[in-house]
Amino acid sequence: MYYDRFIGETNIPIGWVVECLKKKSEDFRLAIGNSEISNFKVIDICNNLGFSSRIYKVTINFVDNQRQPYDIVVKTPGVDNYKKLCESEIENTLANDEAINEEGLALYHYQEMLVYTEMLKEIDGLKYPKCYGGKKLIPGKQNGAIIMDDLSNKGACVPFYIPLNINQIQNLFKELMKLHVFSYTKGKQWRRKLQNKMEPNGVNFVKKFIELQWKVVQKFMPKDKFNEIDNIFNRMITHYYDITTHHIFSLPEAQGENAVIVHGDFWTNNLMFKLDSEGNITNEVESIIDWQVVYEGAVCLDMARLLSTCVTPEIRHYVENNIIPNYYQELKDKVCNGGGEFSMTYENFKHIYDFCFIDQSFHSITVTGFMLSHTEIKEEDKNIWDERKSVMSNKIYHAMKDAYEKAKILKPEWLI
């Protein structure tokens, strides 16, 4: 009987998934009708590149073969996939890092489950995958799980080596606006619930991860550019703990009533855009996914992650100079018109962004280095990838240079 079979390499029974769908999905009830389930198929759609989770696509087939198969996604957290990813020569020193454990992952998973099953439903118009149920991760006993819509026929993520365009950025800012307005108005109570923030051992792990990815960057960045910013990198990474925790715990403008609900990992792989009739990626946002590290934090953190990792320096500078000031004013107007309080000045807002950008500039290194390390490049595609690497190295180069210039003004002690 299929009810007793499990999803992939987990102990999550398919029967539980089906019962959740029957209770909470009108689409599934219409799909199954009066039929029964004949069998199901499970594939890992993240190709083993999920850092701390696996994403399974479950296709449910019916006895009545006139009925179309029904697809659903089941996300399961786990450290095993992370450890497999760290088996490469450059990363194996991280495989047994004490910061990566099931107990900590259980907290992040529970938080994400809470966000999907409860919080996101309260945010007017926000684009996210519908959720139909979740299971807690109980270390050593029970795998965690979140059941969500399969959006693969509707949307896709832009490949990490292709910069987002200005229209895509503007549409993503519209989604951030919904999250930020919610944070300052009817979602204030959620901010208090989302306090799973960066711990010291987590910071140390990220620091080591950045240093390892910097070695990857050295292999493809032009030597003159690398040598120019290597000294900047080495000085700033020494102060990484202070840099990455400053906007979380210490920066006065980012605390208290100025804090918002932060997605925390707002970059290409977690941002889906709609597909057109021919399967091409459009500029319209389909869904914001992967809310695992959501927390109460700085209002500009997500936009700093987006702009440091996903766009060309030219587009980033345009957004910083022309769109962010308008974003601030629109946010202020919407919060005040929605009955909320907003006393932050634009100078405060820009101050927060600059500190967040200094921190997030390091992630232009991590996402590029990590993804390239796990990308197989065929000999016949070498010239194409050389061009892509040039674009990515230029993004990293200017992110680090700009972070350095901001630090010279805001925190020169981070450059010693």
With +1 on each Lys and Arg Cβ and -1 on each Asp and Glu Cβ, how big is the dipole of the chain about its Cα centre, in debye rounded to the nearest 20? 560
Output ³J(HN,Hα) for the range 53-58: one whole-Hz value per residue in order, computed from phi by the Karplus curve 6.51 cos²θ - 1.76 cosθ + 1.60 with θ = phi - 60°, and x for Gly and Pro. 7, 10, 10, 9, 9, 10
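What FRET efficiency comes out for residue 174 versus residue 44 if R0 is 35 angstrom and r is the Cβ-Cβ distance? Round to the nearest 0.05.
Values: r = 32 Å, r/R0 = 0.91.
My answer for the efficiency is 0.65.
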Estimated vicinal HN-Hα couplings, Hz - the range 262-274 in sequence order (Karplus 6.51, -1.76, 1.60; Gly, Pro = x): 9, 5, x, 8, 8, 9, 2, 5, 10, 10, 9, 10, 5
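How about the range 362-399: which trypsin sites (Lys or Arg not before Pro) there lie in a loop by DSSP and see at most 11 other Cβ atoms within 10 Å? Intermediate values should be presented prior to the final figure.
Values: sites: 378, 382, 388, 389, 395; in loops: 378.
Hits after loop and neighbour filter: 378.
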Hey, fewest Cβ within 10 Å first, where do 246, 263 land in order? 246, 263
Between residue 9 and residue 118, what is the spin-label point distance in nm, taking each point 7 Å from the Cα along the Cα→C-beta axis? 3.2
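Set the Förster distance to 30 Å, then compute FRET efficiency between residue 22 and residue 68 from the Cβ-Cβ distance, nearest 0.05. Could the numbers behind the result be given before it?
Values: r = 17 Å, r/R0 = 0.57.
Using R0 = 30 Å, I get an efficiency of 0.95.
When the helix-only estimate is applied to the chain (DSSP H runs of n ≥ 4, each -39,500 (n - 2.57), divided by the residue count), what is the mean residue ellipticity at 222 nm, nearest 500 deg cm²/dmol?
Values: 14 runs with 194 residues, N = 416.
-15000 deg cm²/dmol, from helical runs alone.
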For the range 356-408, alpha-carbon Rg over 2.2 N^0.38 Å: 1.33
Using a 10 angstrom cutoff on alpha carbons, build the Gaussian network for the chain and name the most mobile of 24, 274, 401. 24
Just in the range 338-394: which GluC sites (Glu not before Pro) are loop by DSSP and have at most 15 other Cβ atoms within 10 Å? 341, 376
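What are the DSSP H helices in the chain that stretch 18 Å or more along their long axis, judged by alpha-carbon atoms, and whose average Kyte-Doolittle hydropathy comes to at least -1.0? Mind dumping the intermediate values first?
Working: long enough: 102-117 (21 Å, -0.18); 166-184 (27 Å, 0.08); 200-220 (31 Å, -0.12); 223-238 (22 Å, -0.81); 324-337 (19 Å, -1.04); 346-373 (39 Å, 0.19); 382-410 (41 Å, -0.91).
Length and hydropathy pass: 102-117, 166-184, 200-220, 223-238, 346-373, 382-410.
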Near the amide H of residue 53, under 5 Å away, which other amide H atoms are found, from residues 5 or more places off or on another chain, if H is placed in the peptide plane? 78
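Over the range 153-416, what per residue volume does the convex hull of the Cα atoms give, in whole Å³? Mind dumping the intermediate values first?
Working: hull volume 35.3 nm³, N = 264.
With only Cα atoms used, the range 153-416 gives 134 Å³ per residue.
Since every read-out is calculated from the coordinates, none of them should be taken as a lab result. As the structure is a prediction and not an experimental result, all values here were calculated from the model. When we count neighbours, we look across all protein chains shown, and the Cβ atoms used for this are built from the backbone with ideal geometry, even at glycine.
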